[in-house]
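Engineer: Have a look at this one before I ask anything.
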Amino acid sequence: MELRAFLLVVHLLSTLLMAAPFYMLVIVNERARFGAPLGYFTDRYMENIIRNNAVRCFIFQGTMLASGLGLFYITRGGNWVLLLTDPTMVIKWVALAILVSLLSHIHFSVQPRIESLMNQVKPDAPVPEGIAPQIKALRSRRKRLSGICLFLVLTALIMGVRATFFYNFYLALGLVAIAALYAWRVYRKPVPLGWM
Ligand code: HEM
């Protein structure tokens with residue numbers, strides 16, 4: 001019982017700390033609202049925040065998997081087949097697997113390309129011709145993927161509560177639909193009132 005409680009606290013903490021896509025979307029939407037053209041100080045600062053977040057995220061994802069597998073073992077009596085046959089569990093680990101691959105794609109492919117463009121933006125010189133649209137294109141791809149990540153974290157959370165309480169599957173589907181709407185909203189605009 002105590003081990004389950006401990007693992008659940010670790011699992012819930014990792015869920016909380018995986019709110020990164022939400023806050024990254026808030027940051028980039030605020031950047032758009034700020035409106036200043038691409039410049040060294042604003043954009044270097046924002047890119048540092050986003051870039052340094054990836055490693056933290058990988059670590060929380062690993063913690064999520066380890067604590068999730070521990071909880072699974074304790075609550076399902078070591079019946080590992082359920083990991084492949086119970087839709088709730090399948091949705092959870094598939095969501096986590098997609099989250100890891102999207103973050104890897106951003107960290108190892110998209111972000112380095114943004115960095116190499118940003119390295120040409122210097123504090124004391126005008127921004128070289130043609131750089132801004134290239135950065136903009138890469139950023140909108142990153143932002144789209146971030147919206148998908150937020151949706152996946154919320155979906156895994158909804159399925160997590162189902163893994164504990166076994167509530168109606170259609171209620172879970174309804175909640176996932178609401179999660180999709182919310183992720184879309186956060187993707188589109190800052191949410192000054194939290195839910196809207
Ligand atoms: C992004 C990924 C994940 C998120 C956001 C997440 C979130 C959650 C949440 C919020 C709970 C609710 C606990 C409660 O109702 O109090 C939970 C429970 C649970 N999760 Fe996850 N989870 C994720 C991935 C995983 C993975 C990969 C596994 C296993 C392979 C897993 C296994 C479990 C189990 C077995 C429970 C039930 C625990 C219990 O009843 O004591 N989770 N999860």
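The numbers here are math on the coordinates, done by the rules we state, and not lab data. Note that this is a predicted model, so its numbers are computed, not measured. All Cβ positions, glycine included, derive from the backbone under ideal geometry; neighbour counts span all protein chains shown.
Engineer: Could you list Trp184, Trp93, Trp195 in order of exposure, starting from the residue whose Cβ has the fewest other Cβ atoms within 10 Å? Write out the running numbers ahead of the final one.
Structural biologist: Numbers: Trp184 12, Trp93 18, Trp195 7.
Ranked by crowding around the Cβ, least crowded first: Trp195, Trp184, Trp93.
Engineer: For the Cα atoms of the chain, what angle does the longest principal axis make with the long axis of helix 40-51, in degrees from 0 to 90, nearest 10?
Structural biologist: 20
Engineer: While we're here: How big is the dipole moment of the chain about its Cα centre under a simple scheme where the beta carbon of each Lys and Arg is +1, that of each Asp and Glu is -1, and everything else is neutral? Debye, nearest 20, please. The partial results should precede the final answer.
Structural biologist: Details: 20 positive and 8 negative charges, 78 e Å.
Approximately 380 debye in magnitude.
Engineer: Using a/c under 1.5 as the rounded threshold, could you call region 101-171 rounded, prolate or oblate? The axes a ≥ b ≥ c are square roots of the C-alpha gyration tensor eigenvalues, and prolate needs a/b larger than b/c, oblate otherwise.
Structural biologist: Details: a/c = 4.64, a/b = 3.80, b/c = 1.22.
Cα axes put region 101-171 in the prolate bin.
Engineer: Among rounded, prolate and oblate, which fits region 10-63 when a ≥ b ≥ c are the square roots of the eigenvalues of its C-alpha gyration tensor, a/c under 1.5 means rounded, and a/b larger than b/c means prolate?
Structural biologist: Cα axes put region 10-63 in the oblate bin.
Engineer: Also: At a threshold of 8 angstrom on Cα-Cα distance, excluding pairs fewer than six apart, so keeping six or more, what relative contact order does region 95-196 reach in percent?
Structural biologist: Details: 51 pairs, mean separation 30.8, N = 102.
In percent, rounded to a whole number, it is 30.
Engineer: So how far, in whole Å, is the C-alpha centre of region 84-124 from the one of region 173-196?
Structural biologist: Distance between centres, Cα-based: 20 Å.
Engineer: Just grab the label-to-label distance for Leu13 and Ala132, each label 7 Å out from Cα along the Cβ direction, in nm (one decimal).
Structural biologist: Spacing of the two 7 Å Cα→Cβ label points: 4.5 nm.
Engineer: Could I ask something else about it? Can you tell me what the convex hull of the Cα atoms of region 2-188 projects to on average, as an area in nm²?
Structural biologist: Numbers: hull surface 45.7 nm².
Directional mean of the projected Cα hull area for region 2-188 stands at 11.4 nm².
Engineer: Bin all alpha-carbon pair distances of region 66-107 at 10 Å intervals from 0 and give each bin's fraction as a whole percent.
Structural biologist: Each 10 Å bin holds this share of Cα pairs: 27, 48, 20, 5.
Engineer: I'd like the Karplus ³J(HN,Hα) series for region 179-196: coefficients 6.51, -1.76, 1.60, θ = phi - 60°, whole numbers in Hz, and an x wherever there's a Gly or Pro.
Structural biologist: The phi angles translate into 4, 5, 4, 5, 4, 4, 5, 5, 5, 6, 8, x, 10, x, 9, x, 8, 8 Hz.
Engineer: Label points 7 Å out from Cα along the Cβ direction at Val110 and Arg144: separation in nm?
Structural biologist: Those two pseudo-labels are separated by 0.9 nm.
Engineer: Do you know the relative contact order of region 2-188, to the nearest whole percent, from alpha carbon pairs under 8 angstrom that are 6+ apart? Intermediate results must be reported in sequence, preceding the final value.
Structural biologist: Working: 140 pairs, mean separation 59.8, N = 187.
That works out to 32 percent.
Engineer: For helix 20-34, what angle does its Cα long axis make with the longest principal axis of the chain, in degrees from 0 to 90 and rounded to 10?
Structural biologist: Taking the Cα atoms of the chain, the angle to 20-34 is about 30 degrees.
Engineer: Taking 0.36 nm per residue of sequence separation and subtracting the Cα-Cα distance, how much length would be gained by fully extending the chain between Leu171 and Arg185, in nm to one decimal? Each step should come with its number before you reach the end.
Structural biologist: Numbers: separation 14, 0.36 × 14 = 5.04 nm, distance 2.11 nm.
Additional length available on full extension: 2.9 nm.
Engineer: Work from the charge dipole of the chain (Cβ charges, +1 for Lys and Arg, -1 for Asp and Glu, about the Cα centre) and give the residue of Ala95, Gly194, Phe166 farthest towards its positive end.
Structural biologist: Gly194
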